[in-house]
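Peer 1: Let me give you the structure first, and then I'll get to my questions.
Throughout, read-outs are computed from the coordinates displayed, never taken from laboratory work. Quick caveat: nothing in here was measured; it's all calculated off a predicted structure. Because the Cβ atoms are built from the backbone with ideal geometry, glycine has one as well, and the counts that use them run over all protein chains shown.
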Amino acid sequence: MFNLILFGPPGSGKGTQSEKLVDKYGLVHLSTGNLLREEIANKTPLGTEAKNFMDKGQLVPDEVVIGMIDNSLDQHKDAMGFLFDGFPRTAAQAEALDKLLELKKTGIAIVLALEVTEEELVKRLLNRGKTSGRSDDTNEAVIRKRFTVYTNDTEPVAGHYKKEKKFQSIKGEGSVEDIFNAICTVVDKKMK
Ligand code: AP5
Ligand code: MG
């Protein structure tokens, strides 16, 4: 199994690059943001609870997203590997993921972090907000809140993987294709 985490702030291109990576490497894409938006669209109790947090740019409680990942891993027992997008976002989530993967006798191969300046991120998200229908993209205050949460709660998770020498930064600005090629170079080397 080859398991990869795409790390980076809101708007850094995790979703965009994930689509191309799962196509190329046959991994299962697990985006907690997408899974939560599906729950909201289906009007489930979990979705209703999550929406309150997401609309404010806050994180959904750890136990909710960890439970979702646990279910998704079980639903794909024959997967060649997983691409985690937007997860883990807290130290507790990173520890839970380690345990879940250990139970499956596997682990994280590499964490790739997309680096993009805040001004570029705001531009991208406001632009996406015009068409995405994502309520957390249309209000600049909510976008800024997501960055604060990222800095306080999520960025420290990098340390967890740096300790294990699994963390690598990638320049997330430039053409989608160039960034994809830079990611593939690292992944190919790691897969050998
Ligand atoms: P989530 O859905 O994960 O959103 P996010 O992390 O805020 O990131 P985005 O999806 O906005 O950005 P992205 O990095 O995927 O970039 P994208 O490729 O779309 O989370 C949403 C909310 O759900 C959270 O706030 C939280 O409430 C909750 N949540 C989710 N996971 C959670 C967890 N684990 N724990 C707790 N709560 C959780 O690109 C952005 C835009 O830029 C697009 O328009 C794209 O076309 C454009 N773009 C991409 N690449 C480029 C490029 N190279 N040049 C120019 N434009 C580009
Ligand atoms: Mg995304």
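Peer 1: Put one equal scatterer on each alpha carbon of region 2-191, apply the Debye formula with no solvent term, and list log10 I(q)/I(0) at q = 0.09, 0.16 1/Å to two decimals.
Peer 2: Normalising to I(0) and taking log10 leaves -0.31, -1.06.
Peer 1: Can you list the trypsin sites (Lys or Arg not before Pro) in region 118-185 that are in a DSSP coil and have 10 or fewer other beta carbons within 10 angstrom? If you can, show how the numbers build up before the last one.
Peer 2: Values: sites: Lys123, Arg124, Arg128, Lys130, Arg134, Arg144, Lys145, Arg146, Lys162, Lys163, Lys165, Lys166, Lys171; in loops: Arg134, Lys165, Lys166.
For trypsin sites (Lys or Arg not before Pro) across region 118-185 that sit outside H, G, I, E and B with at most 10 neighbouring Cβ atoms in 10 Å, the list reads Lys165.
Peer 1: Determine, for Thr185, Thr131, Thr138, the number of other Cβ atoms within 10 Å of each Cβ, and report the residues in order from fewest to most.
Peer 2: Sorted ascending by nearby Cβ count, the order is Thr131, Thr185, Thr138.
Peer 1: Here's a follow-up. Are there trypsin sites (Lys or Arg not before Pro) in region 41-86 that DSSP puts in a loop and that have at most 13 other Cβ atoms within 10 Å, and which ones?
Peer 2: On the way: sites: Lys43, Lys51, Lys56, Lys77; in loops: Lys43, Lys56, Lys77.
For trypsin sites (Lys or Arg not before Pro) across region 41-86 that sit outside H, G, I, E and B with at most 13 neighbouring Cβ atoms in 10 Å, the list reads Lys43, Lys77.
Peer 1: Then there's this: Would you work out which of Val149, Ile110, Tyr161 lies farthest towards the positive end of the dipole of region 77-168? Charges go on Cβ: Lys and Arg +1, Asp and Glu -1.
Peer 2: Sorting the options by dipole projection puts first Ile110.
Peer 1: Considering only Gly133, Tyr25, Thr48, whose Cα is most displaced toward the positive end of the charge dipole of region 2-191, charges sitting on Cβ of Lys, Arg (+1) and Asp, Glu (-1)?
Peer 2: Among Gly133, Tyr25, Thr48, the one farthest towards the positive end of the dipole of region 2-191 is Tyr25.
Peer 1: With +1 assigned to the C-beta of every Lys and Arg and -1 to the C-beta of every Asp and Glu, and no other charges, what is the dipole magnitude of the chain about the Cα centre in debye, to the nearest 20? The partial results should precede the final answer.
Peer 2: Details: 28 positive and 29 negative charges, 59 e Å.
The calculation lands at about 280 debye.
Peer 1: Which of the residue pairs Lys171/Lys192; Lys14/Lys190; Lys145/Lys190; Lys105/Lys171; Lys43/Lys123; Lys104/Lys163 have a Cα-Cα distance greater than 26 Å in the structure shown? Let's see the in-between values first.
Peer 2: Numbers: Lys171/Lys192 23 Å; Lys14/Lys190 19 Å; Lys145/Lys190 35 Å; Lys105/Lys171 32 Å; Lys43/Lys123 30 Å; Lys104/Lys163 22 Å.
From Lys171/Lys192; Lys14/Lys190; Lys145/Lys190; Lys105/Lys171; Lys43/Lys123; Lys104/Lys163, over 26 Å: Lys145/Lys190; Lys105/Lys171; Lys43/Lys123.
Peer 1: Determine the relative contact order of the chain: mean sequence separation of Cα pairs under 8 Å and six or more apart, normalised by residue count, in whole percent.
Peer 2: Rounded, it is 32 percent for the chain.
Peer 1: Next up: Less than 12 Å apart at the alpha-carbon level, and either on another chain or at least 8 residues along: which aspartates and glutamates does that give for Lys24?
Peer 2: Candidates past the 8-residue exclusion: Asp188.
Peer 1: Rounded to the nearest 500, what is the chain's calculated 222 nm mean residue ellipticity when only DSSP H runs of at least 4 contribute -39500 (n - 2.57) each, over all residues?
Peer 2: Values: 9 runs with 107 residues, N = 192.
For the chain, the value works out to -17500 deg cm²/dmol.
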